[in-house]
Structures are given as structure tokens and as C-alpha cells.
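The values are calculated or read from the model by the stated rules, or taken from the named source; none is laboratory data. In this text, all values refer to a predicted model and were calculated from it rather than measured experimentally. No Cβ is skipped: glycine too gets one built from the backbone with ideal geometry, and neighbour counts run over all protein chains shown.
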Amino acid sequence: MVQVIFTPLTLPALFLYEWKIRRTDLRSARLVGMEGVVDCATAERHIYGYHCGRLREISSTTTTSGSETAIYEPGAPRKFTFTLIDTCAQTLRVINCAAPPIAMMLCGEDTAGHRAILCSYNHETGVYHREETLRVEECVRQQMKSARSVNLSLEPFPLKLTKAPHDEDVINSSLDGQAPTKSREWKPELVFS
């Protein structure tokens, strides 16, 4: 009789315990990338469902501010703007890359923290290409998994300029010396199973 009464009283405690475990899982180390510039409030609403001031923006030395206009040089490789959100360190960073980065690799450490590189993947050659170098916090390093071996190139991602009918306005605007106004359409690829 005592056991029957005691069991219903422990169910709310177990429910709260499981809710707390699932809630802390939101801070697991995930990198969320979006093409374009997204502010902290909008990113929080899309990731967590509401804005409560969790994310802080970290400025990057290679990123231009929104008021400046980027001038596209015809011989230089085109770079696109991405917003990178780290859910473990609760940071938001705007970066410029030639291709979307899909992996972050830890390379070393200095006095201010650990150094990591963001890499894009070339599925034709099976090689990761360095896109951007970042400074990461200790909590991010602790959550990272190690890989036995990886093919890494320090050269930029090799972009093939193919003229497609829907890219006509992008190519014409880049020849005028201005930055292209239309973003590139990335083909979704299954890289990892």
C-alpha cells in the first residue's frame, strides 16, 4: 500500500529530471550556418523559438560591415557571406567564404584560446579546403570529436565558373565591377552518412 502511494509521487520528479536533461542538451556543440547576414535576435528565434539574449555577436577581422560595399575584382575568387552560430559557446559570427564551410577542425592553441579552421568539402577529390580561421573557446574544444586522418588543402575551394541561364545577371553584375546581388544556389550534397 505504501509503495502504490509512493510511486505516483515520484513521477513528477522523474518528469522534471528528464526535462532538465533534455533542456541542457540544447547547449551541445553544434555549428549552424546560414547564407547571408542574420542578427542575434532573428537567429535565436529560429533556433530556440524565442529571443532571450543568449547569443552574443563576435566580430571577425575579415568581415566587412553592412554599410561598406564590397568591390568585386574580376580576377579574384568570389566570396559569399555566411552567418555561423555556435550553440555551445552561444556566439554568432559573420564570415566570408568562397564555399559553404561544413567542418571545423582544431589546429592549435595560443594565449587567447584555441585555433580552428572552417573547411569546405570537395566531393570530387575527397579533400577539405580551408575557408576561414577562427578562435574558439575551451568548451567548444572539449565537445569536439577527433578524426583519425583527413585530407586537408590550404588552397581555396576550386570554383568552376559555368555559365548557367539563371546566373546571367550574376555574371553581368560582376563584370561591371560591383558585387553580385544574387546569392549562389548551393546544390545539396550528401557528404556523410
Is it true that ALA99 is in a loop (DSSP other than H, G, I, E, B), hydrophobic (A, V, I, L, M, F, W, C) and modelled with pLDDT of 85 or more? yes
Can you list residue pairs whose Cβ atoms sit under 7 Å apart, with the first residue in segment 45-67 being farther than 17 Å from VAL136 by Cβ and surrounded by 12 or more Cβ atoms within 10 Å (Cβ to Cβ) and the second being aliphatic (A, V, I, L, M) and at pLDDT 80 or above? Count only pairs 6 or more apart in sequence or on different chains. ILE47/VAL32; ILE47/ILE85; HIS51/ALA41
